[in-house]
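This report concerns only the one structure given below.
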Amino acid sequence: MVKIKQTNEKEIIALNTFEAVRLRPTMYLGQVAPVDDKLPIIVNGKLERVEKKWSPGFMHLIVEILENAIDEAKRMKGKMKDVKFKVNLDTNEVTITDTGNGFYKAASTHKKTRKSIIRTAFEELHSGSNFADSSTNILGTHGVGGAIVNILSENFTVLTVNKTHVVECKWNNFVLLNEKKQKRTNEILGTTVSFIPAKEVFPRYKWDLELIQTYLSFKSFLIDMDPKLKNLKLTCEYVKDKKTYPIKIEKDFMPKDVVRVDHKDYGSVFIWEAYPDSCSLSFVNGSQCTGIHQKIVNDWANEFFDYNLAHHFYETLVILDVPSFLMRFADQNKTKFATSRGEIENRIQLAFQKTLIKRLKNSKITKGIEKKVEEKLFDENIKKIKKEKKIAKRKISEKYSSASKRKVNLYITEGLSAAGSVKQARDSTIEGVYALKGKVKNTRHLRDLTDNKEILEIMSILDLEPGKANVPTYENIIISADEDPDGQHIASLVVNFFWKWFPDIIKAGRLHKLVTPLVASSHHNKRKYFYTTEEFEEYRKKYKLTNINYLKGLGSLSLDDWEFVMENKVLFQIQADPETDKYLEIAFGMQSGPRKLWLQGIVN
């Protein structure tokens, strides 16, 4: 262990690189001590969130070295064929071999450090080849990874072969044991790095094969997605009880039915229906991380599903490629993408949103997600409806007049004026009146029932609750609205409400529309009413009529008119037919296109 001697608390201590990293490894590598966490793990070919005890810093030792090999493949733009990974579960040794071009000028001495190129790369922090901005998005850009792994390993070896030389360096606890340089003869080009993590930093830590298999599967998946790495193959194996076995790489860890959008510059977005223990995943320039980019995609989908918690019912895989000036992370391990929403949103919105929403509209997964959203909302909204109904029942005042003895007919009227006239002309012992104020809400969703006071009051009066076998408190419900387009719209919204949420009321013949006369006149000092203009025109050809009144709305009916209407009720019973769902969906559904065609008379 690194021990620091300090004679008094004011003494300034100067640590060398080895001492600083060994003493505070978390500053450089992330969390080293084991933590309990829920991690994305591939289990039996499926991506699931699994409870694990793990050390992020311990696992990141592998990440740093393997990503160096993948960086080399990116620099070679498809010419590198193989990366080999091997982990020995008996000894904890990890070996990673690439078939790249080897270290550039590996046998040379670095002008600044006066060390060899290999020693500079693996002994000096902030030394590397990826600091300069590049059109190729490289995984490692801090220049600390290789050196950090060396410092935190008890044994560390590098063997690199370039076009001219073979160079090998070995360290023990960061002390150089030997350095060999020789001319290349026929050795295969490439670099091999082997290391055994230091027991004093990672006591009793052992590699988790399931975690490694998942990480390597993700890497292999990303390699296949990247056109710059199209020829690269990742071969993986492990040793246990001195026997060697292949590590199974799972590339098909998403369900068969997914919505996928690819963009040539910014990556890919996948969405699929959630299943038990499922989870989402994200990569930015090859680094597995979380960040605002995931929330941006969720916001698009949640808006599409019209529920701000819809992400509980779908999962996303966001693979983002961003320019290097936007590639900022909140920690050394790149587990959180730190670029602000303002900097990234417009770019990925233009790249993905429009196509993603279009494909969701036509996808198999959408109905399943919508059903789960509706089921989730059902319980929440039923509780809210029960609460709001109680409140609404206490607050119904001038808008509702109840039947005094037996509840036979409930009139739902358009406006307080019409309600006042109906109240005077009705039989108050058996008939109640409720006044609407304008148009009720189009109740497409269950949550719409809680958003409209009048809908809640109607449900309270009739003692209705969605999802139950409802018998309304009144035997008949009678819609009383003007015969003009506005009145017909109001009546249709009420019909749609009952058909959508309480269809048994319509099927039982309990919902009616009150038909009121269009014209009133006098003939031989008697009041004559006509319910259609055709009827009126035919009658006036035969008889002389006086005091002709065109009854444009319920408000134009006098009290005498209402008494006639109520004594001689003409009720249009609302009935369902095979095309009820079709036309109510056209009139009140989410899609405006079919409604426009219908209103234009193009759809019959």
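The values are calculated or read from the model by the stated rules, or taken from the named source; none is laboratory data. It should be emphasised that the depicted structure is a prediction, and the values quoted were computed from it without experimental measurement. Quick reminder, even Gly has a Cβ in these numbers, built from the backbone with ideal geometry, and neighbours come from all protein chains shown.
Which condition from (1) over 20 Å from Gly432 (Cα atoms); (2) in contact (Cβ under 8 Å) with a residue 40 or more places away in the chain; (3) surrounded by 12 or more Cβ atoms within 10 Å (Cβ to Cβ) is the one that Gly555 breaks?
The one condition Gly555 does not meet is (1).
Given the conditions (1) at pLDDT below 95; (2) among the polar types (S, T, N, Q); (3) within 13 Å of Val87 (Cα to Cα), report the number of the one that Ser194 does not fulfil.
The single condition Ser194 does not satisfy is (1).
What are the residues in the range 172-202 that are hydrophobic (A, V, I, L, M, F, W, C) and outside any loop (DSSP other than H, G, I, E, B), if any? Please lay out each step first, then the result.
Filtering the range 172-202 for residues hydrophobic (A, V, I, L, M, F, W, C) gives 174-177, 188-189, 193, 195-196, 198, 201-202.
Passing the criteria: Val175, Leu176, Leu177, Val193, Phe195, Ile196.
Just give me the residues in the range 504-522 being over 58 Å from the mean Cα position of the chain (by Cα), among the hydroxyl-bearing types (Ser, Thr, Tyr) and either crowded, with 16+ Cβ neighbours inside 10 Å or farther than 17 Å from Phe564 by Cα (or both), in sequence order. Outline the logic, then answer.
Taking the range 504-522 as the starting set, the residues that turn out to be over 58 Å from the mean Cα position of the chain (by Cα) are 520-522.
This time we only want the ones that are among the hydroxyl-bearing types (Ser, Thr, Tyr), so: 521-522.
If the condition is that a residue be over 58 Å from the mean Cα position of the chain (by Cα), among the hydroxyl-bearing types (Ser, Thr, Tyr) and either crowded, with 16+ Cβ neighbours inside 10 Å or farther than 17 Å from Phe564 by Cα (or both), then Ser521 is the only one that fits.
Can Val63 be described as of a type in the set (A, V, I, L, M, F, W, C), in contact (Cβ under 8 Å) with a residue 40 or more places away in the chain and outside any helix (DSSP H, G or I)? Step through it out loud before you land on a result.
Numbers: of a type in the set (A, V, I, L, M, F, W, C): yes; in contact (Cβ under 8 Å) with a residue 40 or more places away in the chain: yes; outside any helix (DSSP H, G or I): no.
Answer is no for this residue.
At pLDDT 90 or above, more than 15 Å from Gln288 (Cβ to Cβ) and in a helix (DSSP H, G or I): which single residue out of Val21, Val32 fits that description? Give the steps one after another, and end with the answer.
On the way: Val32 fails: in a helix (DSSP H, G or I).
Residue meeting the stated conditions: Val21.
If I filter the range 523-539 down to residues being at pLDDT below 90 and surrounded by 14 or more Cβ atoms within 10 Å (Cβ to Cβ), which single residue comes out as farthest from Asp482 (Cα to Cα)?
So, considering only residues that are at pLDDT below 90 and surrounded by 14 or more Cβ atoms within 10 Å (Cβ to Cβ), the one farthest from Asp482 (Cα to Cα) is His523.
Test each condition in (1) more than 16 Å from Asp257 (Cα to Cα); (2) surrounded by fewer than 13 Cβ atoms within 10 Å (Cβ to Cβ) for Lys367 and report the one that comes out false.
(1)
Would a scan of the range 35-58 turn up a residue that is in a loop (DSSP other than H, G, I, E, B) and either farther than 18 Å from Asn92 by Cβ or more than 32 Å from the chain's Cα centre (by Cα) (or both)? Quick ask: steps written out before the conclusion?
Step one: list which residues in the range 35-58 are in a loop (DSSP other than H, G, I, E, B), which gives 44-45, 55.
Those left that are additionally either farther than 18 Å from Asn92 by Cβ or more than 32 Å from the chain's Cα centre (by Cα) (or both): 44-45.
So far as the range 35-58 goes, yes, one or more of its residues are in a loop (DSSP other than H, G, I, E, B) and either farther than 18 Å from Asn92 by Cβ or more than 32 Å from the chain's Cα centre (by Cα) (or both).
This table checks each residue for (1) in contact (Cβ under 8 Å) with a residue 24 or more places away in the chain; (2) polar (S, T, N, Q); (3) surrounded by 19 or more Cβ atoms within 10 Å (Cβ to Cβ).
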| site | (1), (2), (3) |
| --- | --- |
| Leu176 | yes, no, no |
| Arg184 | no, no, no |
| Leu189 | yes, no, no |
| Ser194 | yes, yes, yes |
| Lys206 | yes, no, no |
| Ile212 | yes, no, yes |
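Determine which single condition Ile12 fails, assuming it passes every other condition in (1) at pLDDT below 90; (2) surrounded by 12 or more Cβ atoms within 10 Å (Cβ to Cβ).
If we test Ile12 against (1) at pLDDT below 90; (2) surrounded by 12 or more Cβ atoms within 10 Å (Cβ to Cβ), just (2) comes out false.
Tell me, yes or no, whether the range 124-137 has at least one residue that is at pLDDT 80 or above and not in a strand (DSSP E or B). First the steps, then the outcome.
Filtering the range 124-137 down to residues at pLDDT 80 or above leaves 124-125.
Right, trim to not in a strand (DSSP E or B) and you get 124-125.
Yes: the range 124-137 contains one or more residues that are at pLDDT 80 or above and not in a strand (DSSP E or B).
Can you list residue pairs whose Cβ atoms sit under 7 Å apart, with the first residue in the range 470-489 being under 21 Å from Val565 (Cα atoms) and the second being of a type in the set (Phe, Trp, Tyr) and surrounded by 14 or more Cβ atoms within 10 Å (Cβ to Cβ)? Count only pairs 6 or more apart in sequence or on different chains.
Ile478/Tyr411; Ser480/Tyr411
Mind listing whichever residues of the range 480-502 are surrounded by fewer than 19 Cβ atoms within 10 Å (Cβ to Cβ) and part of a helix (DSSP H, G or I)?
Scanning the range 480-502 gives Pro485, Asp486, Gln488, His489.
Given the structure, is Leu410 assigned by TED's automatic domain parsing to the domain that holds Met566, free of Cβ contacts under 8 Å to residues at least 24 places away in the same chain, on the phi < 0 side of the Ramachandran plot and in contact with a strand residue (DSSP E or B) (Cβ under 7 Å, 6 or more places away or on another chain)? First the steps, then the outcome.
On the way: assigned by TED's automatic domain parsing to the domain that holds Met566: yes; free of Cβ contacts under 8 Å to residues at least 24 places away in the same chain: no; on the phi < 0 side of the Ramachandran plot: yes; in contact with a strand residue (DSSP E or B) (Cβ under 7 Å, 6 or more places away or on another chain): yes.
Criteria not met by Leu410.
Only one of these is assigned by TED's automatic domain parsing to the domain that holds Ile586 and at positive phi: Gly487, Gly415, Gly432, Gly420. Name it.
Working: Gly487 fails: at positive phi; Gly432 fails: at positive phi; Gly420 fails: at positive phi.
Just a single option satisfies the conditions, and that option is Gly415.
Among the residues of the range 511-520, is any farther than 19 Å from Ala419 by Cβ and among the polar types (S, T, N, Q)?
Within the range 511-520, not a single residue is farther than 19 Å from Ala419 by Cβ and among the polar types (S, T, N, Q).
What residue, of Lys81, Lys53, Lys5, Lys10, is touching a residue at least 60 places away in the same chain (Cβ under 8 Å) and farther than 20 Å from Ala147 by Cα? Give the derivation first.
Working: Lys53 fails: touching a residue at least 60 places away in the same chain (Cβ under 8 Å); Lys5 fails: touching a residue at least 60 places away in the same chain (Cβ under 8 Å); Lys10 fails: touching a residue at least 60 places away in the same chain (Cβ under 8 Å).
Step by step, each of Lys81, Lys53, Lys5, Lys10 is checked, and only Lys81 is touching a residue at least 60 places away in the same chain (Cβ under 8 Å) and farther than 20 Å from Ala147 by Cα.
Is it the case, given these coordinates, that Gly78 is under 18 Å from Val158 (Cα atoms) and either modelled with pLDDT of 95 or more or small (Gly, Ala, Ser) (or both)?
On the way: under 18 Å from Val158 (Cα atoms): no; either modelled with pLDDT of 95 or more or small (Gly, Ala, Ser) (or both): yes.
In short, no.
So, in the range 86-113, exactly how many residues are part of a loop (DSSP other than H, G, I, E, B), hydroxyl-bearing (Ser, Thr, Tyr) and in contact (Cβ under 8 Å) with a residue 40 or more places away in the chain?
Of all residues in the range 86-113, those part of a loop (DSSP other than H, G, I, E, B) come to 89-93, 99-108, 110-113.
When the remaining residues are screened for being hydroxyl-bearing (Ser, Thr, Tyr), the result is 91, 99, 104, 108, 113.
Filter once more, keeping what is in contact (Cβ under 8 Å) with a residue 40 or more places away in the chain: 91, 99, 104.
Matching residues across the range 86-113 total 3.
So for the range 219-228 (the condition being assigned to a loop (DSSP other than H, G, I, E, B), modelled with pLDDT under 95 and more than 17 Å from Leu61 (Cβ to Cβ)), does at least one residue qualify? Spell out the reasoning first.
To start, the set of residues in the range 219-228 that are assigned to a loop (DSSP other than H, G, I, E, B) comprises 226.
Narrowing the set further to residues that are modelled with pLDDT under 95 leaves 226.
If we keep only those that are more than 17 Å from Leu61 (Cβ to Cβ) as well, we get 226.
Among the residues of the range 219-228, at least one is assigned to a loop (DSSP other than H, G, I, E, B), modelled with pLDDT under 95 and more than 17 Å from Leu61 (Cβ to Cβ), which makes the answer yes.
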